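Working notes, beginning with the structure itself.
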Amino acid sequence: MAKNQDEEVRGDEIEDTGSEPRVYELGFHLDPELPTEEVKKAYHEVRERITTKGSVVAEGDPQRIQLAYTISRQETAGRRDFDSAYFSWIVYEATPADHSEVLTFAGADKRIIRFIDLITTKDAARHSVEMHELSMKVPERADDPETLANTELDAALENVVV
């Protein structure tokens, strides 16, 4: 059955059986209770696995983040809830067979609490890196308390009915 151009294609509907290399992005959350050195080690082991199977296009080092929602995972000692994690991502090019091995590795690593795998392009990955670098250069806007108070006062005065 042919798909209309406007129809959404779900990731699990894409057959990845060819031998041509594709570009993938692996985003993953590492256990927040890991010591800093173990976080670095886990990241480098994932990166090492990827480099043995393909080539890295772009990457983001692990950064501790607050999760938007709690992730629960059943472990041998019982259920664990995670409200934060170390997030990292790696964009890489690999054949579908090598990509499958990377996913198997990520799924077996108990330090990874959750991961997502996407098909992307080299240009999209590079653009994402450029945008991140630009956002890091722009200083955060610090609101002057006096200016903020004057703005609020002006707004309140405009709404006064005489």
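Restricting the first member to region 96-112 and to residues that are farther than 20 Å from LEU30 by Cβ, and the second to residues that are outside any helix (DSSP H, G or I) and not small (Gly, Ala, Ser), the beta-carbon pairs closer than 6 Å and six or more apart or on different chains are PRO96/ASP16; HIS99/TYR24.
Would you call GLY54 in contact with a helix residue (DSSP H, G or I) (Cβ under 8 Å, 6 or more places away or on another chain) and closer than 23 Å to GLU33 by Cα?
Working: in contact with a helix residue (DSSP H, G or I) (Cβ under 8 Å, 6 or more places away or on another chain): yes; closer than 23 Å to GLU33 by Cα: no.
No: the conditions fail for GLY54.
Residue-by-condition table, conditions (1) under 15 Å from the mean Cα position of the chain (by Cα); (2) closer than 20 Å to PRO35 by Cα; (3) among the polar types (S, T, N, Q):
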residue	(1), (2), (3)
ARG73	no, yes, no
ALA85	yes, yes, no
TRP89	yes, yes, no
ALA94	no, no, no
HIS99	no, no, no
ALA106	yes, yes, no
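Only helices (runs of 4 or more DSSP H) whose full extent lies in region 72-162 are considered here, and the ones with at least 3 residues that are acidic (Asp, Glu) and either at pLDDT below 80 or exposed (fewer than 12 other Cβ atoms within 10 Å of the Cβ) (or both) are 122-137, 145-158. Looking only at residues of region 113-141 that are in contact (Cβ under 8 Å) with a residue 60 or more places away in the chain and basic (Lys, Arg), we find that the one that is farthest from GLU37 (Cα to Cα) is LYS122.
Taking the residues in region 33-71 that are basic (Lys, Arg) and more than 26 Å from ALA97 (Cβ to Cβ) as candidates, determine which candidate is surrounded by the most Cβ atoms within 10 Å (Cβ to Cβ). Steps first, answer last, please.
So in region 33-71, the residues basic (Lys, Arg) come out as 40-41, 47, 49, 53, 64.
Remaining after also requiring more than 26 Å from ALA97 (Cβ to Cβ): 40-41, 64.
Working: LYS40: 15, LYS41: 13, ARG64: 12.
Out of the qualifying residues, it is LYS40.
The values are calculated or read from the model by the stated rules, or taken from the named source; none is laboratory data. These figures come from a predicted structure and were not determined experimentally. Cβ: placed from backbone, ideal geometry, glycine included. Neighbour counts: every protein chain shown.
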